[in-house]
Structure formats: structure tokens, C-alpha cells
Amino acid sequence: MTLANNPLNHPAAHQRPENDVEKRGELNDKDADINVSSFTGSNSEENTTHTSRSSLGPHDIPPTPVVLGGRLKRWNDKIEGFAGLEARGITRVLPEEKHDISLMGYAQMCILWFSVNVTVNNLAVGFLGPLAFNLGWVDSVLLTVFGCALGSVPTSYTSTWGAESGNRTLIVSRYVMGYWPAKLIAILNAILMVGYGVISCIIAGQMLSAVNGGHMTIIVGIIIAALIIGVVAIFGMAVLHVYERWAFIPQVIALFVLIGAAGPHFNTALQSSAPITGTAGEITANRLSFFALQYSVPVGWAAAGSDFYVYYPTHTSKRLTFLMTWLGLASSFIFVNIIGVGLGCGVAITPAWQTAYATSSGALLLAGYGGLGGFGGFCTVILALSAIQNNIPGTYAAAIDMQILGRHFKAVPRWLWVVAVVIVEFVCGVAGRDHLFDIFENFLALMGYWISIFVTIMLEEHVLFRRLRGVPFDWSAWEDRKRLPLGVAALVAFLIGWAGAIIGMYQAWYAGPVAKHVGGYGGDIGTWVAIAFTCVTFPPMRWLELKLVGR
């Protein structure tokens with residue numbers, strides 16, 4: 001980083017050098033590490049406003065100060081004064097506030113997403129191929145590979161906007177959905193992130209309880225998971241990047257030990273004791289449903305893809321960002337889900353696994369380490385911690401999403417929203433601890449519908465109405481309602497896409513009229529019908545909106 005563009009040279013950057021570290025972000029070229037201070041916030045949003053005002057673009061809106069007074073303000077100042085705590089919320093990161101980039105910076109993208117997703121909750125997704133959809137090893141593995149590879153593409157696409165814009169993903173959505181409809185997307189994504197958090201807490205609780213022979217209740221395990229998630233997410237981007245950079249190492253070791261211990265019991269025959277059953281139509285329908293589920297898990301990150309790259313410089317390569325993000329996502333999901341498929345296939349031929357599975361998925365994982373004694377229990381604890389690391393970014397993103405809902409929501413400090421999100425995850429985790437598979441089957445697929453619709457609208461706006469017309473995004477207008485699209489076309493297309501999802505979805509609690517006829521048995525094609533409806537309806541309506549409104 002040169003002397004001219006170093007944020008430290010900005011006059012206001014020295015107001016509170018011990019706390020105002022958000023402006024000091026840089027990449028240490030000596031060791032090619034991402035500096036922790038790159039991701040941390042100033043002591044208060046008021047400091048951020050003052051520091052950034054002189055470099056605001058012609059349409060940039062100064063960030064809203066935290067509206068707290070008296071004792072609450074003093075408490076907030078003390079909390080945000082902790083070294084390394086990120087105080088910034090949804091405020092745009094300006095070019096001079098970003099750190100530099102090197103090869104390690106690009107590698108960190110892959111490491112981040114690999115570490116976040118090489119986790120035990122994705123093992124449970126793999127279970128569903130043989131245990132819920134009656135698919136054999138070959139079918140389940142192939143559907144896992146292609147489903148995860150395809151589902152990683154939308155998240156990789158949305159991640160490319162973070163460095164260029166300096167805006168969070170759902171702030172970027174305002175340039176497509178409009179200021180007011182974007183709030184709907186924020187609500188849906190907050191629900192999605194909280195849902196994943198609930199799943200992670202339940203799985204961690206089940207595994208910690210299983211290791212302790214049931215002496216520790218699942219509720220206590222959920223409490224432990226929620227506390228760790230909350231602490232890391234409160235500190236924000238700095239601790240998150242450092243934590244995820246190293247956390248995957250013990251997880252991968254524990255997973256390879258699991259492969260060695262449980263692998264001989266994986267039933268990998270094409271027609272096996274965990275067989276492909278039913279008519280040809282039933283098999284086709286189950287394949288479609290499991291493929292849709294595998295697609296839905298990685299695509300769930302698409303509405304948060306940019307959030308973790310906003311401190312990267314504006315000249316960051318979009319192609320490398322896409323590639324490194326995709327590699328991290330696809331490799332982690334495929335690796336872990338295939339292990340989950342193996343465990344699921346082995347349940348039917350291993351009596352000890354059948355007994356464990358009847359107790360919980362956590363007990364099944366512990367049984368997979370059978371014969372390793374205390375070391376197997378230790379590995380199970382390591383995997384339980386991986387469920388926690390999976391949800392730290394989701395909790396962070398959910399807190400950011402809440403600030404997008406309006407100026408009153410934005411006035412609440414980011415760390416306080418993290419506390420609120422963690423409390424909700426804990427309460428829902430305790431309430432749903434005995435219904436994990438129902439949550440997986442119904443919740444994950446349902447969330448995949450709206451994200452696919454959202455990404456479709458973003459892609460069409462970007463390619464058809466920006467790139468081809470030569471109209472660039474004005475990233476400084478991130479909160480200027482008069483310069484953002486009205487959003488009527490995007491909202492109508494979104495709702496029509498949802499209509500397609502409804503007629504094509506196949507869930508335990510509802511089957512759409514089109515889905516019922518898949519294979520003569522019923523299968524989930526809601527995502528693909530939703531994408532088709534959105535692709536057809538958005539362009540003409542957006543053209544009409546531009547013609548009538550001009551933005």
C-alpha cells in the first residue's frame with residue numbers, strides 16, 4: 001500500500017487511535033496476512049460518520065449515528081471500545097477504508113468458505129439421500145456432487161459485488177429490488193440465517209450430549225453452542241476471518257478419522273441394503289427432490305456473499321473472487337456431504353448405527369467412531385465445534401440484515417442485534433431439538449426457492465439493464481431512495497416466481513399441483529419452475545418500469 005492511499009494518512013483517522021481502527025485496514029505484504037484491524041469498526045458510528053464525511057461521494061448518505069443516550073450510550077461506548085470489535089453496521093465501506101490485496105487475500109476467500117462449510121451439519125444433509133429418499137450410494141453421491149457444484153454458483157456470483165461496491169449483499173439488492181422491497185429480502189434472509197443457526201445449535205447440542213453419555217442434556221449443549229457463536233459474531237469481521245482461517249484444520253482431521261473408522265461400514269453397492277426402492281417414477285422423483293435439497297444448502301449463502309468482502313479493494317478481480325469462492329463452497333459441501341451419504345447408507349447394515357440413529361444424528365456420528373474409545377469422543381467434540389463455526393457468519397449476516405429494515409433498526413448497534421439473534425437461535429433450538437430432520441427437509445428446501453428467484457432478478461438486472469445498456473451502478477447512492485429503482489418490477493417478478501415455486505414444491509406439509517405429477521409419485525421442482533417464471537416476467541416489466549419511471 002502506498003503512502004498516498006494509506007488510510008492512516010487521513011486526518012480524521014487519528015482521532016482515537018486506540019479504538020478507531022476501522023480506517024487502518026491494510027494487508028500485511030510481509031507475511032501476506034489479512035490484518036485484523038482491516039475488519040474492525042471505530043468506537044462508535046458517530047466517529048465513522050465524522051471520519052468518512054470528507055470522502056463521501058456526491059450522492060453518499062452519511063451513516064445514521066447510534067441513537068442511544070445516558071447510561072445506554074456509555075455502555076455501548078465501552079463495548080464498542082474493545083480492541084478488535086467491529087462497530088460498523090451497514091454503512092458503505094469507502095475506497096480509502098479498504099485494505100490492500102495479495103495472493104493470500106484471494107486464498108483467504110477460498111479458506112473462509114471452506115472452513116465455514118466443512119462442518120458437521122452438512123453431514124446431516126448427506127444422511128437424507130439414503131435415509132429420507134431411499135437412494136443408494138451411487139445416486140446419492142452423484143446428486144451431491146452436481147447439486148452442490150450448481151448451488152455454489154449463485155453465492156459465488158453475489159460475492160463479486162462486495163469489493164467493488166463496499167456494500168453488503170442486501171444493500172446491493174436495493175439497486176435491483178428498490179429501497180422498500182429490499183426489506184422483504186432482508187427479512188427472508190434473516191429468517192434463513194437464524195434457521196441455519198438453530199440447526200447448528202441443535203446438532204452441536206446433540207453431539208455434546210452423546211459424548212457425555214447423556215449426562216449433559218441437549219439443552220446445555222445448545223447453550224454452549226449459542227454462547228460461542230455470539231461471542232465471535234459480536235467481535236465481527238476481524239475475529240471471524242482469523243477464526244475461520246484455522247478452524248477447519250481440526251475439523252478436516254476429525255473427518256478423515258471418521259472416514260477411517262466408519263468407512264468399512266459404508267454400503268457403497270449400487271443396489272444395497274439401503275436400496276433404491278420403488279417404481280422408476282418414484283426413483284426419479286426422489287432423485288429430483290434430493291438434488292434440489294443439495295442445491296438449496298450452498299445457495300443459502302447467496303444473500304450474504306458480499307458481506308465478507310466489503311473491506312477488499314475496489315480493484316479486486318471479480319473472476320478470481322468468483323473462482324475462489326466457488327472452490328471453497330463446492331469442495332467443502334461435496335466432501336462433507338459424501339461422508340454423510342456413507343453414514344446414511346451404513347445405517348441399514350450396521351445394528352449399532354441403527355440404535356444410535358434412533359437416538360439422534362449426534363449419537364450416529366459418535367457411533368461412527370466406534371472402536372476408538374475416548375479418542376472417538378474427542379473427535380466428536382471437535383465436530384460439534386464445527387457446527388458452531390458454520391453459524392458464526394450466518395449470525396453476523398442476520399444482524400446486518402436487521403439494520404437494513406429502516407433507520408430505527410439501523411440505530412441499534414450491530415453487536416446488540418447479534419445478541420438478539422443468538423437468543424432467538426437458542427430458544428428455537430431448544431424448542432425444536434427433537435425435530436431436526438423435519439427442519440432439514442422442510443426448511444432448507446423452502447428457503448432455496450426465494451434465493452434462486454432473488455439471484456435470477458439480480459443477474460438479469462446486471463446483464464440486461466446495466467451491462468448491455470452501459471449504465472453503471474452508482475454505489476454512492478446506497479441509501480438515496482430517489483436514485484434507487486422503484487422496485488415494482490422486481491417485486492412483481494419475485495411474487496410471480498414464488499407462485500412458480502408453490503406449484504412446483506413438494507414438501508411433507510404441501511405438494512404443488514405440478515410437483516404431484518413428477519414421476520407419477522411427486523417430486524420437488526419448485527426451484528426450477530420459480531427460476532423459469534422469474535426469467536420470463538422480470539425483463540418486460542423492468543423495461544416498462546424504466547420507460548415510465550426512468551430508474
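The values are calculated or read from the model by the stated rules, or taken from the named source; none is laboratory data. Note that this is a predicted model, so its numbers are computed, not measured. Positions of Cβ are generated from backbone atoms using ideal geometry, with glycine treated the same way; all protein chains shown enter the neighbour counts. Each accessible area value is taken on the protein alone, full model and side chains, heavy atoms only, with ligands, DNA and RNA left out. Shrake-Rupley method; radii C 1.70, N 1.55, O 1.52, S 1.80 Å.
Using a ≥ b ≥ c from the Cα gyration tensor of the stretch 386-490 (square roots of the eigenvalues), is it rounded, prolate or oblate, where a/c under 1.5 gives rounded and otherwise the larger of a/b and b/c decides, a/b for prolate? Here the stretch 386-490 falls in the oblate category.
Residues in the stretch 448-551 average 45 Å² of solvent-accessible surface per residue, probe 1.4 Å, ligands and nucleic acids excluded. Computed from label points 7 Å out along Cα-Cβ, the spacing between A107 and A532 is 4.5 nm. Length gained on full extension, N212 to R466: 85.8 nm, using 0.36 nm per residue less the C-alpha separation.
Distant-in-sequence amide contacts of E479, defined by a placed amide H-H separation under 5 Å and a gap of 5 or more residues or a different chain, comprise I61. Our coupling estimate for the stretch 516-527, obtained by passing each phi through the Karplus curve with A = 6.51, B = -1.76, C = 1.60 and θ = phi - 60°, is 4, 9, 5, x, x, 10, x, x, 8, 10, x, 4 Hz, Gly and Pro reported as x. Put the Cα centre of the stretch 90-119 next to the Cα centre of the stretch 361-434 and the gap is 22 Å. Highest average first, the peptides 519-527, 384-392 ordered by how many other beta carbon atoms sit within 10 Å of their residues are 384-392, 519-527. Net charge near C201, counting Lys/Arg +1 and Asp/Glu -1 over other residues with Cβ under 14 Å of its Cβ? It works out to a net charge of -1.
Just to confirm my numbers, what's the Cα centroid distance between the stretch 124-162 and the stretch 480-509 in Å? If you average the Cα positions of each part, the centres end up 24 Å apart. Using every Cα-Cα pair within the stretch 212-266, state what percent have a distance larger than 18 Å. Counting pairs separated by more than 18 Å, the tail of P(r) holds 60 percent. With a cut-off of 10 Å between beta carbons, the residues surrounding F465 carry a summed charge of +1, where Lys and Arg count +1 and Asp and Glu -1.
Peptides 123-135, 88-100, 501-513, 166-178 ranked from most to least packed, by the mean per-residue count of other Cβ atoms within 10 Å: 166-178, 123-135, 88-100, 501-513.
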